[in-house]
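The structure under discussion appears below in the form of structure tokens.
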Amino acid sequence: MNLPLLADPGSSIHEAYGIVEPYRFHNRDMYLPATLLIDKQGVLRWMYISKKNSDRPSLDSIVEQLDKLNAE
């Protein structure tokens, strides 16, 4: 699967989509990882906010969401 990925070191995407409040870690604002499906118009269609830094959605769950969006 070929999907574009975006690193967000300045947290501008987190802020733009209102994901969550940051937490402090070593005197820096940090955000939990998030997986977003954004359509070509920039509309957020699906979001998964991790519960901890190592938490990520499975590939199967991402594909399932993409299938749902393609069926619309």
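The values are calculated or read from the model by the stated rules, or taken from the named source; none is laboratory data. Quick caveat: nothing in here was measured; it's all calculated off a predicted structure. We place every Cβ from the backbone using ideal geometry, glycine too, and count neighbours over all the protein chains shown.
A few remarks follow.
- Members of the stretch 32-58 found to be surrounded by 14 or more Cβ atoms within 10 Å (Cβ to Cβ) and either touching a helix residue (DSSP H, G or I) at 6+ places or on another chain (Cβ under 8 Å) or β-branched (Val, Ile, Thr) (or both), listed by number: 34, 35, 36, 37, 38, 45, 46, 48, 49
- Strands (runs of 3 or more DSSP E) enclosed by the chain - at least 2 residues per element that are without any contact (Cβ under 8 Å) to a residue 12 or more places away in the chain and not acidic (Asp, Glu): 23-25, 28-30
- The residue of the stretch 10-31 that is farthest from residue 72 (Cα to Cα), among those that are of a type in the set (A, V, I, L, M, F, W, C) and either touching a helix residue (DSSP H, G or I) at 6+ places or on another chain (Cβ under 9 Å) or at pLDDT 90 or above (or both), is 20.
- Residues of the stretch 9-19 that turn out to be under 17 Å from residue 53 (Cβ atoms) and exposed (fewer than 12 other Cβ atoms within 10 Å of the Cβ), as a count: 1
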